[in-house]
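The values are calculated or read from the model by the stated rules, or taken from the named source; none is laboratory data. Not measured: the values here are computed from a predicted model. For neighbour counting, all protein chains shown are included, and Cβ atoms are generated from backbone atoms with ideal geometry for every residue, glycine included. Just so you know, the surface numbers come from the protein's heavy atoms only, side chains and all, with ligands and any DNA or RNA stripped out. Shrake-Rupley method; radii C 1.70, N 1.55, O 1.52, S 1.80 Å.
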Amino acid sequence: MIELPTLGWQSIVILVVFGVSLLIATYCTYAERVIAAFLQDRVGPDRAGPFGLLQPLADAVKLFTKEEFFPAGANKALFIMGPCLAMITALMSSAVIPFGNVIQFGNNVFNLQGIEVNIGMLWVFGIVSLGVYGVMIGGWASNNKFSLLGAIRAGSQNISYELAMGMALIAVLMISGTLSLREITLQQSVAGEWHFWNIVKQPLGFIIFLVCAFAETNRTPFDLPECETELVGGYHTEYSSMKMGLYLFAEYVNVFVASAVMSVLYFGGFNFPFQYELRDWLVSAQGWELMSAQNLISVLGLLGLFGKIFAFIFFFMWVRWTLPRFRYDQLMRLGWTILIPLAIFNIVLTGGLILGGIIK
């Protein structure tokens with residue numbers, strides 16, 4: 001067995017996390033078309049490779065080879081910086097997500113997580129908040145009024161819904177007592193009691209968080225920053241080639257990260273029902289070593305978490321082709337007059353249940 005320092009293993013994990021995030025974002029473009037075709041009862045992409053599986057690669061070649069375009073009067077440095085910042089922040093937010101439990105090979109023990117910090121949830125919120133600068137800079141630097149309007153919409157929308165999302169998160173933190181995503185996940189792994197997932201304790205908080213996740217990722221029905229009926233194409237109207245592709249990929253990476261965070265916070269993360277019973281059965285009845293049994297449980301937990309993530313991604317795409325777009329006044333009214341009061345009520349309710357000893 002190759003002996004590597006902990007930093008070496010974690011560097012490999014970080015590279016794998018970034019690579020998986022990019023791969024999933026790439027094939028989300030394919031899944032979006034396939035799901036849209038299924039829901040609309042038509043044929044989706046089926047020309048590039050078997051079942052159209054090479055369509056994302058064809059799209060990448062197209063974006064890389066298209067002509068670069070810079071609008072007259074645009075700030076070139078900021079025009080390039082906008083999509084780069086959007087993509088970098090989207091990838092950085094995936095670094096603290098615990099994709100699995102501990103894996104051990106010989107003397108090498110490491111977490112299936114890019115970095116483990118005790119303020120993981122604050123990391124996600126901080127990086128996601130910086131992501132709006134990519135949209136704002138791109139919209140302003142384009143020297144286009146429609147792009148600027150889309151950027152302003154994106155900024156006000158993200159600020160409005162981050163408040164309700166943060167308040168929904170506070171209720172989870174009141175129960176868990178930690179900001180570490182790994183600790184929050186492990187607290188939902190009570191032996192023999194899978195129903196200790198936070199979705200049982202925080203159904204209202206989850207609904208608020210889910211709605212805010214749609215708004216934060218600019219997905220329909222909250223895609224007002226890209227509203228083509230009003231703003232041509234929104235904040236990326238003037239973008240072409242791979243700069244446009246970075247904005248599109250950043251949106252799908254954000255969808256992936258939002259799905260992963262909701263899976264960790266409310267659906268047990270890498271935990272799955274009867275995992276401890278399965279591990280004990282492998283050790284006692286099948287004669288497995290405890291380390292091998294735990295490694296298998298970690299791998300199954302990794303697959304289970306990605307199953308939850310893909311279910312959320314499908315839900316994001318399903319809603320896109322089901323619900324109509326809100327008007328801007330409806331979007332802001334929902335955020336300020338409905339979600340924020342509901343989030344405050346959820347905090348008060350959670351505090352009362354904790355004081356009463358009903359939830360712990």
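Every condition in (1) exposed (fewer than 15 other Cβ atoms within 10 Å of the Cβ); (2) assigned to a helix (DSSP H, G or I) is met by Pro324 except one, and the failing one is (2). Collect the residues in segment 34-88 that are of a type in the set (S, T, N, Q) and out of contact with any Lys or Arg (no Cβ under 9 Å at 6 or more places or on another chain), keeping them in residue-number order. If the condition is that a residue be of a type in the set (S, T, N, Q) and out of contact with any Lys or Arg (no Cβ under 9 Å at 6 or more places or on another chain), then Gln40, Thr65, Asn75 are the ones that fit.
From the list Leu54, Leu78, Leu91, Leu63, which residue is under 22 Å from Glu251 (Cα atoms) and surrounded by 18 or more Cβ atoms within 10 Å (Cβ to Cβ)? Just a single option satisfies the conditions, and that option is Leu91. What pairs come out if I take residues in segment 166-183 that are in a helix (DSSP H, G or I) and pair them with residues that are open to solvent by 10 Å² or more (accessible area, probe 1.4 Å) and hydroxyl-bearing (Ser, Thr, Tyr) whose C-beta lies under 9 Å away, six or more apart or interchain? Going by the 9 Å Cβ cut-off, the qualifying pairs are Glu183/Ser176. One residue alone among Arg42, Arg33 is of a type outside the set (Val, Ile, Thr), at pLDDT 85 or above, open to solvent by 70 Å² or more (accessible area, probe 1.4 Å) and touching a Pro at 6+ places or on another chain (Cβ under 7 Å), and that residue is Arg33. Residues satisfying the criterion are absent from segment 328-351 (criterion: among the charged types (D, E, K, R), surrounded by fewer than 17 Cβ atoms within 10 Å (Cβ to Cβ) and part of a loop (DSSP other than H, G, I, E, B)). Restricting the first member to segment 202-213 and to residues that are over 16 Å from Leu331 (Cα atoms), and the second to residues that are open to solvent by less than 30 Å² (accessible area, probe 1.4 Å) and small (Gly, Ala, Ser), the beta-carbon pairs closer than 6 Å and six or more apart or on different chains are Gln202/Ala171; Gly205/Ala168; Gly205/Ala171. If I filter segment 284-294 for residues that are open to solvent by 40 Å² or more (accessible area, probe 1.4 Å), within 18 Å of Ala154 (Cα to Cα) and part of a loop (DSSP other than H, G, I, E, B), do I get at least one hit? The answer is no; no qualifying residue exists.
Annotation: Gly19 fulfils all but one of (1) within 30 Å of Thr185 (Cα to Cα); (2) of a type in the set (Gly, Ala, Ser); (3) in contact (Cβ under 8 Å) with a residue 12 or more places away in the chain; the unmet one is (3).
Of the residues that make up segment 271-278, is at least one out of contact with any strand residue (DSSP E or B) (no Cβ under 9 Å at 6 or more places or on another chain), without any contact (Cβ under 8 Å) to a residue 24 or more places away in the chain and either among the basic types (Lys, Arg) or open to solvent by 60 Å² or more (accessible area, probe 1.4 Å) (or both)? Looking for residues that are out of contact with any strand residue (DSSP E or B) (no Cβ under 9 Å at 6 or more places or on another chain), without any contact (Cβ under 8 Å) to a residue 24 or more places away in the chain and either among the basic types (Lys, Arg) or open to solvent by 60 Å² or more (accessible area, probe 1.4 Å) (or both), one finds none in segment 271-278, hence no. Can you find a residue that is part of a helix (DSSP H, G or I), buried (at least 18 other Cβ atoms within 10 Å of the Cβ) and in contact with an Asp or Glu (Cβ under 8 Å, 6 or more places away or on another chain) anywhere in segment 253-268? Yes, that holds for at least one residue. Scanning segment 146-165 for residues that are buried (at least 17 other Cβ atoms within 10 Å of the Cβ), of a type outside the set (Asp, Glu) and under 18 Å from the mean Cα position of the chain (by Cα) gives Ala154, Gln157, Asn158, Tyr161, Ala164, Met165.
Is there any pair linking a residue in segment 41-66 that is in contact (Cβ under 8 Å) with a residue 60 or more places away in the chain and among the charged types (D, E, K, R) to one that is surrounded by 13 or more Cβ atoms within 10 Å (Cβ to Cβ) and in a loop (DSSP other than H, G, I, E, B), with Cβ under 7 Å and at least six apart or on different chains, and which? Note: pairs meeting the criteria are Lys66/Ser240.
Screening Ile103 against (1) more than 18 Å from the chain's Cα centre (by Cα); (2) among the hydrophobic types (A, V, I, L, M, F, W, C); (3) under 22 Å from Leu248 (Cβ atoms) leaves a single unmet condition, (3). Taking first residues from segment 110-130 that are touching a residue at least 60 places away in the same chain (Cβ under 8 Å) and surrounded by fewer than 20 Cβ atoms within 10 Å (Cβ to Cβ) and partners that are part of a helix (DSSP H, G or I) and among the acidic types (Asp, Glu), the Cβ contacts under 9 Å between residues at least 6 apart in sequence or on separate chains come to Asn118/Glu183.
One line per residue, one yes/no per condition, for (1) within 22 Å of Ala36 (Cα to Cα); (2) buried (at least 21 other Cβ atoms within 10 Å of the Cβ):
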site	(1), (2)
Val200	no, no
Pro203	no, no
Cys212	no, yes
Ala215	yes, yes
Phe222	yes, yes
Gly233	yes, no
Lys243	no, yes
Phe249	yes, yes
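Between Ser189, Ser142, the distinction of being open to solvent by less than 50 Å² (accessible area, probe 1.4 Å) and closer than 27 Å to Asp329 by Cα belongs to Ser142 only.
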